[in-house]
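Just below is one structure, and these are the notes that go with it.
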Amino acid sequence: MKDRIYFLLVDDQQLILTLASRILKNNGYKNIIQAKNGTDALNKIKKSPMINVIVTDWNMPSMNGIELLMAIRNDPNYFNISVLMLAEEMSDDKIFYAIEEGVDAYLEKPFSEDKFIANINKVLQKDLDPDPIKYKLQKLTAMSLRKKVKETIEYGTSLVQEYENNIDIYLILSDCYLSTRDYDKAEECLHKVLKINKKSSKAYYMLGQLSMKQFEYEKALSYMEMAYSINPLNTDAVISIGNIYLKMGKIKEASETFSNLQVDTLTNRNYTSIGAAYLGAGNLEKAGQYLQSAKAPVLESIAVFNKYALELKKQGEYEAATDQYQKCLKIDPLNHILLLNTAVCYFERKNYPEAINLLEQCLKIDPHFNDAARLLNHIKKMKR
């Protein structure tokens, strides 16, 4: 049994990684992988698909533990991996946030061997839970994450007949209805969640998103403020509040909202979200300040950096745009759109050899990419 369990330990402190590894080995577990932060962990998960249990610290650079948990729970390939969350201070707010995002167990540091193993056993016991709703929810979640919207709605609707007080089913259904712009049904599901649990920060957050999609900014602001009051550690809610202020034209209020965030707790994802908000408001300078603070984009944020680079290109700032594209290409080197956009920047800077190199790479990936072929032919004609 223990030979089939694969652990991923995630912490920026080598001492904790060494201690947890030693405890697991002392208790008969052999398959142990280590990662320094959330970003590193996601890369390790993709390379080691057999991982069953993740033990992660909360406070880490680049990507913290709660963001790692959210990334896992939103990935159709890894959403059912068990997660044990560690924190130097496991406050009530942290416990609430972690549980809402789907953590399986949590433990305060420093910990003894007995407490650590007790929590590992708790996590593993959950996997053996024969409760039929667990497997039905896993099936529903997998459908939803794989964007099988029609099937998810049909199956979810049948499940609520049997489990009418299950919040997770309504949250999944509301997300599907949001994606199909059936806002009335999405709102109905979210209000059912709040009828069952008045303290569902997630439901208020999603109601805020729903209101934003309908340009009801005052309503959206009220919902996001409620989500934040229930879960004061939810930085996403604060950033959404700032974004709403920007959309309402309340620049000062937005700036104050973002400035009040604790800099030492902000992650790359947070900086990118704020940068995206300012981009949407047309404030390129402010967007740049926050995006520069994001040490490196992740795959999910490339669209934001690409948009920022496009805006820089429009202003003739080709060198700055090239820097942004190069950041993105480190994460997604086979993205032919990024390769073309970077090549255009080099072309405008009259660096033709580099432009040709990128365009040839682009056409190797997609031989029928006409825009790349046209620019390549144009440059070659110029050089004759």
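For a quick check of your reading of the filter: which GluC sites (Glu not before Pro) in the range 220-290 sit in a DSSP loop and have no more than 14 other Cβ atoms within 10 Å? Can you show the working numbers first?
Details: sites: GLU225, GLU253, GLU256, GLU285; in loops: none.
Answer in residue order: no site qualifies.
Take the range 228-340, compute every pairwise Cα distance, and split them into 10 Å bins from 0; I just need the percent in each bin.
Calculated P(r), rounded to whole percents: 14, 45, 30, 10, 1.
Probe radius 1.4 Å, ligands and nucleic acids left out: which of ARG73, ARG146, ARG374 has the largest accessible area, and how do the rest follow?
On the way: ARG73 45, ARG146 115, ARG374 145 Å².
Greatest to least solvent exposure: ARG374, ARG146, ARG73.
Run a plain Debye calculation on the chain (Cα atoms as equal point scatterers, no solvent) and give log10 I(q)/I(0) at q = 0.07, 0.14 Å⁻¹, rounded to two decimals, same order as the q list.
These q points yield log10 I(q)/I(0) values of -0.39, -1.31.
Restricting to DSSP loop positions (anything but H, G, I, E, B) with no more than 13 other Cβ atoms inside 10 Å of their own Cβ, which trypsin sites (Lys or Arg not before Pro) remain in the range 246-350?
Taking the range 246-350 and a limit of 13 other Cβ atoms within 10 Å, the loop trypsin sites (Lys or Arg not before Pro) found are LYS295, LYS350.
Which value, in Å², gives the accessible area per residue of the range 148-215 when a 1.4 Å probe is used on the protein heavy atoms?
56
Dipole size in debye (nearest 20) for the range 211-286 around its Cα centre, Lys and Arg Cβ +1, Asp and Glu Cβ -1?
My answer is approximately 180 debye.
How large are Rg and Dmax for the range 209-279 when only the alpha carbon atoms are used, in Å?
11.4, 34
What full-extension length gain, to one decimal in nm, is calculated for VAL149 and LEU194 as 0.36 nm per residue of separation minus the Cα-Cα distance?
13.9 nm
In debye to the nearest 20, how big a dipole does the chain give about its Cα centre with +1 on each Lys and Arg Cβ and -1 on each Asp and Glu Cβ? Working shown, then result.
Values: 50 positive and 49 negative charges, 297 e Å.
It works out to roughly 1420 debye.
At a threshold of 8 angstrom on Cα-Cα distance, excluding pairs fewer than six apart, so keeping six or more, what relative contact order does the chain reach in percent?
Relative CO of the chain lands at 7 percent.
Using mean Cβ contacts within 10 Å as the protection proxy, how do 186-194, 103-111 order, highest first?
My ranking of the peptides, most packed first, is 186-194, 103-111.
Give me the compactness ratio for the range 15-145, meaning the Cα radius of gyration over 2.2 N^0.38 Å.
1.02
Considering only protein heavy atoms, what is the solvent-accessible area of SER144 at a probe of 1.4 Å, reported in Å² to the nearest 10?
Approximately 20 Å² for this residue.
Can you find, among ILE32, HIS378, ALA186, the residue farthest towards the positive end of the dipole of the chain? Put +1 on the C-beta of Lys and Arg, -1 on that of Asp and Glu.
The listed residue farthest towards the positive side: HIS378.
Taking R0 as 45 Å, what's the FRET efficiency between ASN27 and GLN214 from their Cβ-Cβ distance, rounded to 0.05?
About 0.25, to the nearest 0.05.
Please give the length that would be gained between TYR163 and VAL263 if that part of the chain were fully extended, namely 0.36 nm times their separation in residues minus their C-alpha to C-alpha distance (nm, one decimal).
31.8 nm
Run the simple label-point estimate for GLU253 and THR180 please: 7 Å along Cα→C-beta, distance reported in nm.
Result for the modelled spin labels: 3.5 nm.
Please give the Cα centre distance for the range 106-179 versus the range 27-102, rounded to the nearest Å.
So the two Cα centres are separated by 16 Å.
Share of the chain's accessible area from carbon and sulfur, percent, 1.4 Å?
In the chain, the share of accessible area belonging to carbon and sulfur is 50 percent.
In a Debye calculation with equal point scatterers on the alpha-carbon sites of the range 290-384 and no solvent, what is log10 I(q)/I(0) at q = 0.18 Å⁻¹?
Cα-only, vacuum Debye calculation for the range 290-384: -0.77.
Within 10 Å of each candidate Cβ there may be at most 14 other Cβ atoms; applying that plus a DSSP loop requirement, which GluC sites (Glu not before Pro) in the range 291-384 survive? Don't skip to the answer; put the middle values down first.
Working: sites: GLU300, GLU311, GLU317, GLU319, GLU348, GLU354, GLU360; in loops: GLU317.
Here no GluC sites (Glu not before Pro) fit, given the DSSP loop and packing criteria.
Can you give the Rg to Rh ratio of the range 328-381, both from alpha-carbon atoms, with Rh computed by the Kirkwood formula?
0.94
If the only charges are +1 at each Lys and Arg Cβ and -1 at each Asp and Glu Cβ, what is the size of the charge dipole of the range 278-333 around the Cα centre, to the nearest 20 debye?
Dipole size: approximately 60 debye.
List, in the order given, every pair from LYS134/LYS198; LYS134/LYS247; LYS250/LYS330; LYS252/LYS350 whose Cα-Cα distance in the structure shown is over 30 Å.
LYS134/LYS247; LYS250/LYS330; LYS252/LYS350
On a full-extension model of 0.36 nm per residue, what is the gain between SER293 and ASP323, subtracting their alpha-carbon distance, rounded to one decimal in nm? Before the final figure, lay out each step's value.
On the way: separation 30, 0.36 × 30 = 10.80 nm, distance 1.39 nm.
Difference between extended and current length: 9.4 nm.
The values are calculated or read from the model by the stated rules, or taken from the named source; none is laboratory data. If you're wondering where the values come from, they're calculated on a predicted model, not measured in any experiment. We place every Cβ from the backbone using ideal geometry, glycine too, and count neighbours over all the protein chains shown. Note: areas computed on protein heavy atoms with side chains; ligands, DNA, RNA excluded. Shrake-Rupley method; radii C 1.70, N 1.55, O 1.52, S 1.80 Å.
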